[in-house]
Amino acid sequence: MTRSTLDNDRRQEMARTIIAAAIACMLAGPATAQDWPTRPLTMVVPFQAGGPVDLVGRLFAQRLTEILGQQVIIENIGGAGGATGALRVAKATPDGYTFLLGNSGTHTYSQLLTKRPLYSAVTDFAPVAVVVENSKLLITRKDFPADTLPAFIAYAKANQSKLQYGSAGTGSATHMTCVLLNSAIGVDITHIPYRGTGPAMQDIIAGRIDYICDVIRTGLPLIQSQSVKAIAMLSPYRARVLPEVKTAHEQGLKDFDADAWNAFFLPKGTPAPIVQRLAKATSDILDAPAMRERLEGLGLNVPVPERRNPDYLGKLLLSELEKWAAPVKASGASTD
């Protein structure tokens, strides 16, 4: 037998081995997905423990543990506006055992505020389902000379060189929401970034800055104590916990929507049956009256069933990137 014949035989044997392995993987994939999960799962929360995203994550981790029959462990990985934790999931093995509780920051702002994002929000993840929708409020110092959105807009336009708005930091949700609002009403106001919402709110209370675009959960106690003023809901809907506060749309800023959201993401390449099962478990949790009551009590909105699936979330990512791109660019905001 010649060397050429031996080499040819070896190549054929290797080809047969590769084909057999590929077939085995294809056959094993559905079975593995069907059996999932067989061990504990890790939910990466890309922000510090004790914050609003962490609270939502822990509420869901408890219920997912019960539904899936395996413990869901929270891993808090903060940094870079959530991008550090999101990158951990983007690089994880796509076997369904590591998933992300992402948000507008990890999957929209992170893509627009730097020329070199750490990952692609669209192509590096398998979208699962929207978990909650997070409404924002326009909040001013209590002695701000406006009580309605039209009055706020008129005053801001006449005094924009004197006004300042605060945020939890450059690129934060509080910053980006005000960027969108300022763009919509046609003003250029000085931005004062803080290390978190708490210090910014303290300066609102003290009258050192003029306004902030914050989540309901943080602003509600201060509104109720009349330490600050709520001017408008920056959402298509009024909040159950603040029913008297009209939306921006109701006050003349037509179709304005700065709603943020939280959603589950798996790494790209995760088997579709696993993605679908996690989406269904998420939807089942949101259907429970007790969970709905808990979330709405925190000022959060429960997404309708049509938004709790991979297809909707994938389309949402694209529409959000389009909606925020121009205002972010016009503002000059950057984390580079």
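Here are some notes:
- Taking the inverse of the mean 1/r over every pair of distinct Cα atoms in the range 216-336 gives a Kirkwood hydrodynamic radius of 17.0 Å.
- Taking label points 7 Å from Cα along the Cα-to-Cβ direction, residue 206 and residue 68 give a separation of 4.4 nm.
- Residues listed by number, the range 241-257, amide nitrogen under 20 Å from residue 147 label point at 7 Å toward C-beta: 242-253
- Equivalent-ellipsoid semi-axes of the range 291-334, from the Cα gyration tensor, Å, largest first: 28, 17, 6
- On the chain, 54 percent of the accessible area sits on carbon and sulfur atoms, based on a 1.4 Å probe.
- Where a label projected 7 Å from the Cα of residue 240 along Cα→Cβ would reach, residues of the range 127-167 with amide N under 13 Å: 133
- Taking the DSSP beta bridges with both ends in the chain, the antiparallel portion is around 65 percent.
- Under a model in which nothing but the beta-carbon of Lys, Arg (+1) and Asp, Glu (-1) is charged, the range 170-243 shows a dipole of about 280 debye around its Cα centre.
- Taking each residue as 0.36 nm, the span from residue 154 to residue 35 lengthens on full extension beyond its C-alpha to C-alpha distance by 36.8 nm.
- The slack between residue 280 and residue 170, meaning 0.36 nm per residue of separation minus the straight C-alpha distance, is 36.1 nm.
- Members of 142/315; 162/254; 162/315; 268/329; 246/268; 115/268 lying beyond 32 Å, as alpha-carbon distances in this model show: 142/315; 162/315; 246/268
- Only one residue of 107, 144, 52 has its Cα farthest out toward the positive end of the dipole of the range 29-154, where Lys and Arg carry +1 and Asp and Glu -1 on Cβ, and that residue is 144.
- Taking Cα atoms only, the orientation of helix 52-68 departs from the longest principal axis of the chain by about 40 degrees.
- Straightening the chain between residue 250 and residue 162 buys 28.9 nm, computed as 0.36 nm per residue apart minus the Cα-Cα spacing.
- Of the two radii for the range 152-222, the radius of gyration is 0.94 times the Kirkwood radius, both from the alpha carbons; that is the Rg over Rh value.
- Normalised by residue number, the volume inside the convex hull of the Cα atoms of the range 53-125 is 90 Å³ per residue.
- Per residue, in Å², the accessible surface of the range 83-213 once ligands and nucleic acids are set aside, probe 1.4 Å: 36 Å²
- Taking every C-alpha pair closer than 8 Å and separated by at least 6 residues, the mean separation divided by the residue count of the chain gives a relative contact order of 25 percent.
- Dipole magnitude of the chain, debye to nearest 20 (Cβ charges: Lys/Arg +1, Asp/Glu -1, about Cα centre): 400 debye
- Entry for P(r) over Cα pairs in 20 Å bins from 0, in percent (calculated from the structure that is shown) out of (1) 35, 62, 3; (2) 27, 49, 12, 7, 4, 1, 0; (3) 30, 50, 15, 5, 1: (3)
The values are calculated or read from the model by the stated rules, or taken from the named source; none is laboratory data. All figures in this text were calculated on a predicted structure; none of them were measured in a lab. Cβ coordinates were reconstructed from backbone atoms using ideal geometry, including for glycine residues, and neighbour counts include every protein chain displayed. Protein only, heavy atoms only, side chains kept; ligands, DNA and RNA dropped before computing areas. Shrake-Rupley method; radii C 1.70, N 1.55, O 1.52, S 1.80 Å.
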